[in-house]
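Working notes, structure below.
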Amino acid sequence: MESRRSFRLCSVVFLVMALMEISTATLSPAGINYEVVALVAIKTALRDPYNVLDNWDINSVDPCSWRMVTCSSDGYVSALGLPSQSLSGTLSSSIGNLTNLQSVLLQNNAISGPIPAAIGKLEKLHTLDLSNNTFSGEMPTSLGNLKNLNYLRLNNNSLTGPCPESLSKLNGLTLVDLSFNNLSGSLPKILARTFKVTGNPLICGPKASDNCSAVFPEPLSLPPNGQSDSGTNSHIVAIAFGASFGAAFSIIIVIGLLVWWRYRHNQQIFFDVNG
């Protein structure tokens, strides 16, 4: 009996310690939540005329109740959704400390300055939408580290310089929209279903006839060239076989008709003679 009580006591202690470990996973040695610090740094760098970030409080322990913040089931910040909030200022490099982010939606604001290179630390990121702001400077090469990225929208900003070659390493892209910036140089081969670069005169040319509204790679549903050629050859063989079969069938019909005609003709002669 005593051993059972000891076992239960140990189980409860272990459970409490596990819960404490989970709850302090994002805390610094001083007991401050790293994600809270990062989010407050983002807030500080932004100008928020309508106080939509008013409840982002440095003294808070849990940011999951904050407006525009979404957390995963295990309590980590997984999404920032701040579209069309009249925000200006700059985007703090502290965003790179929110390493569990899967979605960042900051479109339709007036955020300026460079896109922080620290954003390349967000390896779980699926969606990055910074469109319709006033970001400037070059696209950071660290974007090539976002191995899980599906959607990248940086259109309608003031970005300059080349499109980084590092984006060609990303194999899961569905949409890349870089239209209406001031990009220049050659374009890397980006493996996206849709890749938009219209409105970049140094890439597309100033004339409407030079418009390169979208660059589509080979359709992902098509087989490789070797398989495609094989399919074409098979199609040709099938057509040739069908034509040959049709010709042979026609000859058989003609021969059958001739045999039938001669048979009827011979019968007619036989009846004439006997008559």
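For the range 127-159, filtering for residues that are farther than 23 Å from S88 by Cα and in a loop (DSSP other than H, G, I, E, B) leaves 5. Picking from residues in the range 38-72 that are aliphatic (A, V, I, L, M) and in a loop (DSSP other than H, G, I, E, B), the one that is surrounded by the most Cβ atoms within 10 Å (Cβ to Cβ) is L53.
Any residue at all in the range 164-183 that is open to solvent by 60 Å² or more (accessible area, probe 1.4 Å) and without any contact (Cβ under 8 Å) to a residue 24 or more places away in the chain? There is at least one residue in the range 164-183 that is open to solvent by 60 Å² or more (accessible area, probe 1.4 Å) and without any contact (Cβ under 8 Å) to a residue 24 or more places away in the chain. Looking across the range 184-201 at every residue that is assigned to a loop (DSSP other than H, G, I, E, B) and of a type in the set (D, E, K, R), the one that is surrounded by the fewest Cβ atoms within 10 Å (Cβ to Cβ) is identified as K189. For the range 73-91, which residues satisfy the criterion of being farther than 18 Å from Q102 by Cα, touching a Leu at 6+ places or on another chain (Cβ under 8 Å) and assigned to a loop (DSSP other than H, G, I, E, B)? Listed by number, the list holds a single entry, L87. Cβ separations smaller than 6 Å between residues 6+ apart or across chains give no pair from the range 44-57 residues that are modelled with pLDDT under 95 to residues that are of a type in the set (D, E) and open to solvent by 30 Å² or more (accessible area, probe 1.4 Å). Does the range 121-166 hold any residues that are among the acidic types (D, E) and out of contact with any helix residue (DSSP H, G or I) (no Cβ under 7 Å at 6 or more places or on another chain), and which are they? Those that are among the acidic types (D, E) and out of contact with any helix residue (DSSP H, G or I) (no Cβ under 7 Å at 6 or more places or on another chain): D129, E138, E165.
So which residues in the range 106-121 are more than 15 Å from L87 (Cβ to Cβ) and open to solvent by 50 Å² or more (accessible area, probe 1.4 Å)? Result: P114, A117, K121. Is it the case, given these coordinates, that S28 is at pLDDT below 90, closer than 16 Å to T99 by Cα and over 33 Å from the mean Cα position of the chain (by Cα)? Taking the combined requirement at face value, the residue satisfies it.
Set side by side, the residues T99, T90, T134 differ, and just one is touching a Ser or Thr at 6+ places or on another chain (Cβ under 9 Å), over 23 Å from T198 (Cα atoms) and open to solvent by 50 Å² or more (accessible area, probe 1.4 Å), which is T90. When G75 is tested against (1) open to solvent by 20 Å² or more (accessible area, probe 1.4 Å); (2) at pLDDT 95 or above, just one condition goes unmet, and that condition is (2).
The values are calculated or read from the model by the stated rules, or taken from the named source; none is laboratory data. On a predicted model such as this, the values are computed, not experimentally measured, just so you know. Counting neighbours? That spans all protein chains shown, and the Cβs are built from the backbone with ideal geometry, glycine included. The area values use the complete protein model at the heavy-atom level, side chains included, leaving out ligands, DNA and RNA. Shrake-Rupley method; radii C 1.70, N 1.55, O 1.52, S 1.80 Å.
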